[in-house]
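Quick notes on the structure that follows.
The values are calculated or read from the model by the stated rules, or taken from the named source; none is laboratory data. Note that the structure is a prediction, hence the values are computed from the model and not measured. Cβ placement follows ideal geometry from the backbone for every residue including glycine, while neighbour counts extend to all protein chains displayed.
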Amino acid sequence: MRIALTGTPGTGKTTIARLLPYRIIDINALVKAGLNFGVDPERGCLEADMDGLEKRLLEIDSDEICILEGHFSHHFADRAIVLRLAPSALRQRLEARGYLPQKVNENLEAEALDVILVESVEMCRHVDEIDTTRKTVEEVAALVCKIINGELDLPPGQVDWLADFFA
Ligand code: ADP
Ligand code: MG
């Protein structure tokens with residue numbers, strides 16, 4: 001069973017995935033390893049081969065729980081867990097990563113407008129969202145495990161960043 005761990009870049013997907021007791025498939029690593037059409041000149045990053053990714057994931061699909069980690073992993077799963085982070089905290093993380101201001105702003109806007117959550121709801125049968133703001137990585141990982149074990153439901157609608165955005 002494939003479960004997507006998705007969210008705007010910087011929300012903690014890679015860090016949280018490392019703490020989970022499940023098989024992890026790093027979608028970005030598959031893209032970098034060849035499932036791409038080269039660098040998109042407008043965006044300055046690799047253009048993912050979405051059909052190639054879907055095929056590769058089918059090859060490695062199995063009965064065991066598999067976490068697909070990456071900001072478009074929700075394209076390839078029918079369950080998604082979306083990590084959310086208040087834009088003010090996300091700004092600090094993306095700036096610390098050295099992202100250029102335009103890229104920081106694009107990602108903040110996407111987070112503020114729930115872009116990945118909305119895509120996930122459109123593409124997946126079951127979606128949960130976790131507000132990671134002020135939670136430790138261990139706390140977030142524990143929530144992910146509870147959701148996967150069916151002990152917790154965090155349906156979309158947990159967060160409203162507008163108050164944070166205009167603070
Ligand atoms: P993503 O994979 O979603 O782009 P990362 O896992 O790379 O995000 O996390 C971005 C940064 O935020 C890293 O420096 C990581 O250590 C930090 N981080 C992630 N989750 C938390 C958290 N819950 N609390 C504090 N820092 C976090
Ligand atoms: Mg990552």
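Within region 94-104, identify whether any single residue is surrounded by 18 or more Cβ atoms within 10 Å (Cβ to Cβ) and of a type outside the set (Val, Ile, Thr), and answer yes or no. Checking region 94-104: at least one residue is surrounded by 18 or more Cβ atoms within 10 Å (Cβ to Cβ) and of a type outside the set (Val, Ile, Thr).
So for region 88-106 (the condition being under 18 Å from ILE27 (Cα atoms) and within 14 Å of the chain's Cα centre (by Cα)), does at least one residue qualify? No - not one qualifying residue is present in region 88-106. Against the conditions (1) of a type in the set (A, V, I, L, M, F, W, C); (2) in contact with a helix residue (DSSP H, G or I) (Cβ under 9 Å, 6 or more places away or on another chain); (3) surrounded by fewer than 21 Cβ atoms within 10 Å (Cβ to Cβ), ALA4 satisfies every one except (3).
Would you point out which residue out of ASP51, ASP26 is loosely packed, with under 12 Cβ neighbours inside 10 Å and modelled with pLDDT of 95 or more?
Working: ASP26 fails: loosely packed, with under 12 Cβ neighbours inside 10 Å.
So the residue among ASP51, ASP26 that is loosely packed, with under 12 Cβ neighbours inside 10 Å and modelled with pLDDT of 95 or more is ASP51.
Of the candidates GLU69, GLU47, the single residue that is touching a helix residue (DSSP H, G or I) at 6+ places or on another chain (Cβ under 6 Å) and either away from ligand 1 (no atom under 14 Å from the Cβ) or acidic (Asp, Glu) (or both) is GLU69. Of note, ASN105 does not satisfy the criterion of being away from ligand 2 (no atom under 13 Å from the Cβ), free of Cβ contacts under 8 Å to residues at least 60 places away in the same chain and more than 27 Å from VAL140 (Cα to Cα). Only a single item in (1) within 16 Å of ligand 2 (Cβ to nearest atom); (2) assigned to a strand (DSSP E or B) is not met by VAL144, and it is number (2).
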